[in-house]
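Below is one structure, written out as structure tokens, with a few remarks after it.
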Amino acid sequence: ATAVVGDNILILHGVTLGATGKRTDGKRHPTVENGVTVGALATVLGDVTIGAEATVGAQAVVTKDVMTGETVVGINKVLDGATKRQRLLDGQDKDTWLYNI
């Protein structure tokens, strides 16, 4: 299977939508929902979903799902997402950093 890309998206130059290289019987590539912006040189790997209206910053590396409307930068770092913040506060998501800028 290959990456699935929605409508009305903006993908800038040098973006990779790829597999992780791990063998799997299921889907190996990302799904990018409607209205997403993916910045230059970003890398989105594996069976992850970039939710509608989300933004992936330039040179970001994404290996986990991004929720609708969230902004990610760096390596799986979410910028000021209220839902993500609550998940972090509840201790449900220990692998993601939250930046409040």
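Rule-based calculations on the coordinates, nothing more; no lab input. Treat the numbers as computed from the prediction; the structure is a model and nothing was measured. We place every Cβ from the backbone using ideal geometry, glycine too, and count neighbours over all the protein chains shown.
Using label points projected 7 Å from each Cα along Cα→Cβ, tell me how many nm separate D47 and A3, to one decimal.
1.9
Quick one: which residues, 5+ away or cross-chain, put their amide H under 5 Å from the amide H of T31? H built at 1.01 Å from N.
For T31, the qualifying residues are V4, V48, T49, I50.
Efficiency by 1/(1 + (r/R0)^6): what FRET value for M67 and R23, r their Cβ-Cβ distance, R0 = 30 Å, to the nearest 0.05?
Numbers: r = 28 Å, r/R0 = 0.93.
Taking R0 as 30 Å, the efficiency between M67 and R23 is 0.60.
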